[in-house]
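Engineer: Once you've had a glance at the structure underneath, I'll fire off some questions.
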Amino acid sequence: MASPVPAPPCTIVIFGAAGDLTKRLLMPALYNLAGSRLLDDGLEIVGADHNVRTAETWRAELEAELESFTTDTAAEFHPDHIDNATWAWVARRLDYMVFDFEHPGDYAKLKERLTQSKAGSSGIFYLAVSARFFGTIVDGLGAAGLLNEEDGAFRRIVIEKPFGSDLPTAGALNARILKVASERQVYRIDHFLGKEPVRGILPLRFANGLYEPLLRREHVDSVQITAAETIGIEDRGAFYDPTGALRDMVPNHLFSLLTMISMDAPASLDAEAVRDAKAQLLAAIRPLSPADAVRGQYAAGTVDGKPVAAYRSEERVALDSRTETYAALNVRIDNGRWSGVPFYLRTGKRLARHLTTIAIRLRPAPQRLFPPSAERDAAADVLTLWIAPDPGLTSSFRAKAPGPLMQLGPASSAFRYDQDFDEKPTVGYETLLYQCMLGNPALFQRDDMIEASWAAVQPVLDDWASSKDAPQPYAPNSDGPAAADEMLARDGRRWLPLEPSEKAASQEGKTT
């Protein structure tokens, strides 16, 4: 295998440089890339934000934030120390501009700044800003000629989620962007696709004869994709209340996991071949009906013996809010591989465990040789991909328990990334930034993928918007609302329990 090479020289312009995303994720990612020697010496990083500060104060703020991660065990980036030489390398390349996103003159100043860049005329414009500024900034870049590519240089736009709030707004934003940029210049980011265990799904499937033959309707009973959080909305009420769990998580993160585990093999690993295969899968998702969806909202309760507020009592949340903090969906894929196999998706706040998993329940053996009494404690046939918190893979199966009787019991096998590989602390953005600099869009969303994702959930969004019913309350530290259990019960199935990964393999067989 070829070793990675440094990305080509360019200037990265971060709109929203003073924001949380830049501090928590982008700067740690650039620091890690620098430590891995994957950045060119000519790289320059320009922060652009309306907050008044100098380059020196911006550097000092970022350095203090990086240092704080060494003692914050809850942080996504938690190194044991910050390497001074690596940070100094990054800090020397940081510059800052006070920038009004709505002022044409500031784009002209940015254009002049880029002409003076030692990195050459190639540039990446990272929109780490509120979604309401996406169109404004892209318009400004286009009007100033900042997206023109000349003399072999590249100009690329990286756009964070949420990309639209429904199908019409996503389509309108795509159209607005593509008036001033070509599709190959646009990198719509989903940070789930930068996580190592998510990137590892395609190799797991298509580089191993053990798994790929199993992943089809003949062998799979059902699939459960879970993204559960123990925290509430924290201080994000202003963003979360008009958004909700479905918009926040499903058309991007959960559908990204869905496509990775269920897409057909691409013709090659070429970026467009991979994205074509994903787009074909998304287009095959049957539009959801209201009966295929459940929404819930966390009530007041206790967590670890401490009281926690109900969602409607959180700051900057309406007292009569009908916004869901939990969403569960019964997704069907109408193609030859998956016809008839339900994909159950769920995501929520204030749940019993923090975990992200893909659990594939296999069909039982066609001939039942063993009497029910011998199988009463047997493990279900479940293959679980653990995305977080302990990335890896577990499989549960039936084995003969020791003793004179033919008694079956639960058994399991496991693989964990941190035990089989030397993992360094990362935030998941390293690969995405690096691939963007290389010009490889395989891990980014294309316009047709975005719109197919929204099209699948649009009927549910419309129904919830018109309904006067409130989401079903659920207790904090639970598995979610009872209506989600009822949705699976109608299919004769049950959710797998929200259990830590070290317990899951032995527990998975206790549900049927």
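Engineer: Scan the stretch 317-334 for residues that are under 25 Å from the mean Cα position of the chain (by Cα), assigned to a loop (DSSP other than H, G, I, E, B) and surrounded by fewer than 23 Cβ atoms within 10 Å (Cβ to Cβ) and report the count.
Structural biologist: Total meeting the criteria: 3.
Engineer: Please go through the stretch 1-35 and pick out each residue that is out of contact with any strand residue (DSSP E or B) (no Cβ under 8 Å at 6 or more places or on another chain), part of a loop (DSSP other than H, G, I, E, B) and at pLDDT 95 or above.
Structural biologist: Passing the criteria: Ala7, Pro8, Pro9.
Engineer: Which of the residues that make up the stretch 276-310 are among the basic types (Lys, Arg), part of a strand (DSSP E or B) and open to solvent by less than 70 Å² (accessible area, probe 1.4 Å)?
Structural biologist: Arg295
Engineer: What are the pairs with Cβ atoms under 9 angstrom where one residue, in the stretch 98-109, is farther than 17 Å from Gly123 by Cα and the other, located anywhere, is β-branched (Val, Ile, Thr) and open to solvent by 90 Å² or more (accessible area, probe 1.4 Å)? Sequence gap at least six, or different chains.
Structural biologist: Qualifying pairs under 9 Å: Val98/Val52.
Engineer: Residue pairs, Cβ under 8 Å, 6 or more apart or interchain, first in the stretch 401-426 and free of Cβ contacts under 8 Å to residues at least 24 places away in the same chain and over 24 Å from Thr357 (Cβ atoms), second open to solvent by 100 Å² or more (accessible area, probe 1.4 Å) and in a loop (DSSP other than H, G, I, E, B). List them.
Structural biologist: The qualifying pairs do not exist here.
Engineer: Looking at Ser339, Ser313 in this structure, which one is under 21 Å from Leu383 (Cβ atoms), in contact (Cβ under 8 Å) with a residue 12 or more places away in the chain, open to solvent by 20 Å² or more (accessible area, probe 1.4 Å) and out of contact with any helix residue (DSSP H, G or I) (no Cβ under 7 Å at 6 or more places or on another chain)?
Structural biologist: Ser339
Engineer: Evaluate the stretch 453-464: report whether one residue or more is farther than 14 Å from Leu30 by Cβ and under 15 Å from the mean Cα position of the chain (by Cα).
Structural biologist: Yes, some residue in the stretch 453-464 is farther than 14 Å from Leu30 by Cβ and under 15 Å from the mean Cα position of the chain (by Cα).
Engineer: Taking into account only those residues within the stretch 217-232 that are open to solvent by 30 Å² or more (accessible area, probe 1.4 Å) and closer than 24 Å to Ser478 by Cα, which is nearest to the chain's Cα centre (by Cα)?
Structural biologist: Glu229
Engineer: Given the criteria in contact with a Gly (Cβ under 9 Å, 6 or more places away or on another chain), at pLDDT 95 or above and under 29 Å from Gly296 (Cα atoms), does Pro459 qualify?
Structural biologist: No: the conditions fail for Pro459.
Engineer: Sticking with this one: Which residue, of Ala352, Ala359, Ala318, Ala284, is touching a residue at least 12 places away in the same chain (Cβ under 8 Å), touching a strand residue (DSSP E or B) at 6+ places or on another chain (Cβ under 8 Å) and more than 30 Å from Gly209 (Cβ to Cβ)?
Structural biologist: After ruling out the rest, the residue left standing is Ala352.
Engineer: A follow-up question, please. Return only the number of the condition from (1) open to solvent by 50 Å² or more (accessible area, probe 1.4 Å); (2) under 28 Å from the mean Cα position of the chain (by Cα) that Glu149 does not satisfy.
Structural biologist: Of everything listed in (1) open to solvent by 50 Å² or more (accessible area, probe 1.4 Å); (2) under 28 Å from the mean Cα position of the chain (by Cα), Glu149 misses just condition (2).
Engineer: Being open to solvent by 50 Å² or more (accessible area, probe 1.4 Å) and under 22 Å from the mean Cα position of the chain (by Cα) is the filter; apply it to the stretch 196-216 and report the residue that is farthest from Leu257 (Cα to Cα).
Structural biologist: This residue is Phe206.
Engineer: Residue check, Asp235 against (1) within 23 Å of Ala482 (Cβ to Cβ); (2) open to solvent by 60 Å² or more (accessible area, probe 1.4 Å), all met but one. Which one?
Structural biologist: All conditions pass for Asp235, except number (1).
The values are calculated or read from the model by the stated rules, or taken from the named source; none is laboratory data. Because the structure is a prediction, the values reported are computed rather than measured. Heads up, the Cβs are rebuilt from the backbone with ideal geometry, glycines too, and the neighbour counts pull from every protein chain shown. Calculation scope for accessible area: heavy atoms of the full protein, side chains included, ligands and nucleic acids excluded. Shrake-Rupley method; radii C 1.70, N 1.55, O 1.52, S 1.80 Å.
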